[in-house]
Amino acid sequence: MQEKAKEIYMTFLSSKASFQVNVEGQSRLNETILEAPHPLMFQKLQDQIFNLMKYDSYSRFLKSDIFLKHKRAEEQEENSSEAQTIAKRASRIYNT
């Protein structure tokens, strides 16, 4: 557990982290916590990051051009598939 905790800290939470996440300064952990790791040691940070994603990143993503483009394409595909299914049913019913 100590090894995995250190890996998480060094990758995401350290001031020198390669993929540093955006957390409040007061929520930052220092390396001393790595000496006695426990299963919930990152819970406060995880909750904070989840809320940032839920209320900030995800809502911006839902409004992004790329998401809206894919959503429209998916809706068009569904409508096209539905129209084909109706046409197939009609052809079976009327033996055409």
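Taking the stretch 15-43 as the range and being at pLDDT 85 or above and among the hydroxyl-bearing types (S, T, Y) as the test, only S18 passes.
Residue-level analysis places E24 among those that are among the acidic types (D, E) and either touching a residue at least 12 places away in the same chain (Cβ under 8 Å) or at positive phi (or both). Of all residues in the stretch 18-52, those satisfying the criterion of being outside any helix (DSSP H, G or I), surrounded by 11 or more Cβ atoms within 10 Å (Cβ to Cβ) and under 20 Å from the mean Cα position of the chain (by Cα) are Q20, V21, V23, F42. Within the stretch 53-66, not a single residue is part of a helix (DSSP H, G or I) and in contact with a Ser or Thr (Cβ under 7 Å, 6 or more places away or on another chain).
The values are calculated or read from the model by the stated rules, or taken from the named source; none is laboratory data. Since we're looking at a predicted model, the values are computed, not measured. Glycine also receives a Cβ, built like all others from the backbone with ideal geometry; neighbour counts cover every protein chain displayed.
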